[in-house]
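A short worksheet on the structure shown next.
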Amino acid sequence: MSVQEKIKQQISSAPVVLYMKGTAQFPQCGFSANVVKTLNACGVENLVTVDVLADPEIRQGIKEFANWPTIPQLYINGEFVGGSDIVTEMYQSGELQAMLGTKH
């Protein structure tokens, strides 16, 4: 299985998938921590995270997959949403909550 196929499988495995540095419990960068905090504020309960620091192939592959150069990357229902700044803006406007189907 190619790294791109593996990423497709990961993204389709859960409604909310976050490619990040570290884990939800122990983020390894401020941007990743911000997205986790924002998703928690939205009431996301079944967040699936992929630690790109643990897998260099995924770390490079996800950047190519979305044609997006930075980590973290958030996917909702298989769709690329964006990184930390975009997630924050969407949260502040209420767009993220609407996309997630939450009322927070």
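The values are calculated or read from the model by the stated rules, or taken from the named source; none is laboratory data. This one's a predicted model, so the numbers in the text were calculated from it and none came from an experiment. Every residue, glycine as well, gets a Cβ built from its backbone with ideal geometry; the counts of neighbours run over all protein chains shown.
Matching residues to (1) of a type in the set (S, T, N, Q); (2) more than 21 Å from Lys8 (Cβ to Cβ); (3) touching a Leu at 6+ places or on another chain (Cβ under 8 Å):
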{"position": "Pro27", "(1), (2), (3)": "no, yes, no"}
{"position": "Leu39", "(1), (2), (3)": "no, yes, yes"}
{"position": "Glu45", "(1), (2), (3)": "no, yes, no"}
{"position": "Val50", "(1), (2), (3)": "no, no, yes"}
{"position": "Ile62", "(1), (2), (3)": "no, no, no"}
{"position": "Thr70", "(1), (2), (3)": "yes, no, no"}
{"position": "Thr88", "(1), (2), (3)": "yes, yes, no"}
{"position": "Ser93", "(1), (2), (3)": "yes, yes, no"}
{"position": "Ala98", "(1), (2), (3)": "no, yes, no"}
Report, ordered by the first and then the second residue, all pairs with beta carbons closer than 9 Å, sequence separation of six or more or different chains, a first member in the range 1-27 that is basic (Lys, Arg), and a second member that is part of a strand (DSSP E or B) and modelled with pLDDT of 95 or more. Lys21/Pro27; Lys21/Asp51
Filtering the range 17-26 down to residues that are buried (at least 17 other Cβ atoms within 10 Å of the Cβ) and out of contact with any Asp or Glu (no Cβ under 9 Å at 6 or more places or on another chain), which residue is nearest to Ile76 (Cα to Cα)? Val17
Does the range 49-66 contain at least one residue that is exposed (fewer than 15 other Cβ atoms within 10 Å of the Cβ) and small (Gly, Ala, Ser)? yes
Does at least one position in the range 85-92 carry a residue that is assigned to a loop (DSSP other than H, G, I, E, B) and either surrounded by 18 or more Cβ atoms within 10 Å (Cβ to Cβ) or among the polar types (S, T, N, Q) (or both)? no
